[in-house]
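Values quoted throughout were computed directly from the atomic coordinates according to the rules given, and no laboratory measurement underlies them. On a predicted model such as this, the values are computed, not experimentally measured, just so you know. Here the Cβ positions follow ideal geometry from the backbone for every residue, glycine too, while neighbour counts run over all protein chains shown.
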Amino acid sequence: MKKIANVMGSPISHSLSPRLHGYWIRKYGLDADYVAREVTPEVLEQTLRSLKGEYAREDILFRGTNLTIPLKETALDIVDILDPAAKAIGAVNTVVLDEEGRLIGRNTDGIGFRDSLADHVDIDRFQGGTALVLGAGGASRAIIHACLEMGISRLFLSNRTLQRAEEIAAEYDGAVVPLPWEARASALETVDLLVNTTSLGMTGQPELDMPLDGLKAGAVVTDIVYVPLETALLKQARLKGYKTVDGLGMLLHQAKAGFEAWFGVKPDVDDDLRQFVLEGL
Ligand code: ATR
């Protein structure tokens with residue numbers, strides 16, 4: 001029985017996910033397909049319920065879907081079961097149809113961030129450490145969750161709209177400290193991990209103005225932006241001798257859990273995959 005998974009969102013034509021999952025399907029020789037579908041929030045519930053029914057009657061088995069903008073929050077009220085990460089992050093990026101026909105909502109963005117970091121550094125070093133996260137959107141919420149799970153004990157959260165940072169901080173009992181955008185460089189000497197989760201620095205967006213003078217020795221600097229692969233922030237950090245981690249790894253690693261749950265194979269993230277996905281940009 002052919003297994004099918006989707007990525008749903010709107011607009012969806014630029015998604016790299018079909019390229020990524022298609023690579024793994026071919027690599028592991030699976031009888032499976034991964035297809036992009038244009039879906040708006042208004043029809044998400046109906047789409048999920050009908051896919052489940054239709055495919056189960058034929059020779060095809062719908063296994064689940066990835067969700068992207070603007071569906072990640074919509075799905076919170078639609079799935080039958082929410083996993084703890086999706087609940088804490090407040091968004092679903094992966095839906096898995098289980099054997100009893102229930103839709104399980106998961107969020108694998110935090111795992112993606114952690115595993116990408118772990119490709120480059122020993123993440124145990126962040127136990128009891130301090131992080132500075134720039135930006136307070138959806139990606140930020142997943143990364144904050146991952147940072148605290150890795151043992152970060154103090155996390156400065158700087159955002160242009162301070163209120164958004166304050167709202168997230170209120171969910172985390174003192175571990176998350178909101179910082180006005182103008183003060184984003186004030187904590188650098190204590191920071192073990194710096195993460196840009198804003199869209200600044202992406203091709204076509206303004207640059208992120210973040211001088212790294214005074215950043216703690218040995219700090220790791222990461223960006224979720226992957227176009228360009230080396231943002232001005234990462235270049236500055238590299239030239240100053242800091243370890244850097246680009247945003248592509250998070251995209252690749254967040255996809256693993258869905259692939260494994262739908263198709264039963266735990267896929268590898270390696271240089272060949274990175275290269276193949278980069279060629280699709
Ligand atoms: P995502 O879900 O991808 O994280 P988002 O919710 O739109 O996207 O969040 C984008 C982040 O980039 C926000 O933190 C946003 O700051 P605001 O909350 O103040 O909007 C930040 N951002 C975008 N453009 C910015 C700019 N020119 N200067 C500073 N921050 C910016």
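Annotations
- Three-way shape label, the range 111-247, alpha-carbon gyration tensor, a/c 1.5: rounded
- Expected 222 nm ellipticity per residue - DSSP helices of 4 or more, -39500 (n - 2.57), all of the chain, to 500: -9500 deg cm²/dmol
- For the chain, the alpha carbon positions stretch 62, 39, 35 Å along the principal axes, listed from largest to smallest.
- A Cβ-based charge dipole, computed about the Cα centre of the range 93-191 with Lys and Arg at +1 and Asp and Glu at -1, lands at about 360 debye.
- Over 19 Å (Cα to Cα) - which of Lys52/Lys87; Lys3/Lys27; Lys2/Lys52; Lys216/Lys240; Lys216/Lys243 fall in this group: Lys52/Lys87
- Among Leu20, Leu278, Leu157 the positive-end extreme of the charge dipole of the chain (Cβ point charges): Leu278
- Rg/Rg_globular for the range 65-174, with Rg_globular taken as 2.2 N^0.38 Å and Rg from C-alpha atoms: 1.13
- Seen against the Cα atoms of the chain and their longest principal axis, helix 138-149 is set at about 70 degrees.
- Near Ala32, the amide H atoms lying under 5 Å from its own belong to Lys3; only residues 5 or more places off or on other chains count, and H is placed 1.01 Å from N.
- Longest site-free stretch - the chain; sites: GluC sites (Glu not before Pro), DSSP loop, at most 10 other Cβ within 10 Å: 101-278
- Think of each Lys and Arg Cβ as +1 and each Asp and Glu Cβ as -1; about the Cα centre, that makes the dipole of the chain roughly 240 debye.
- Cα-based shape type of the range 1-89, given that a ≥ b ≥ c are square roots of the gyration tensor eigenvalues and the cut on a/c is 1.5: prolate
- Residue exposure sequence - His120, His253, His145 - by fewest surrounding Cβ within 10 Å: His120, His253, His145
- For the range 210-215, 3J(HN,Hα) per residue [Karplus equation, 6.51 cos²θ - 1.76 cosθ + 1.60, θ = phi - 60°, Hz, x = Gly/Pro]: 9, x, 9, 4, x, 4
- For Asn66, the residues 5 or more places off, or on other chains, whose built amide H falls under 5 Å of its own are Asn6, Val7, Met8, Val95.
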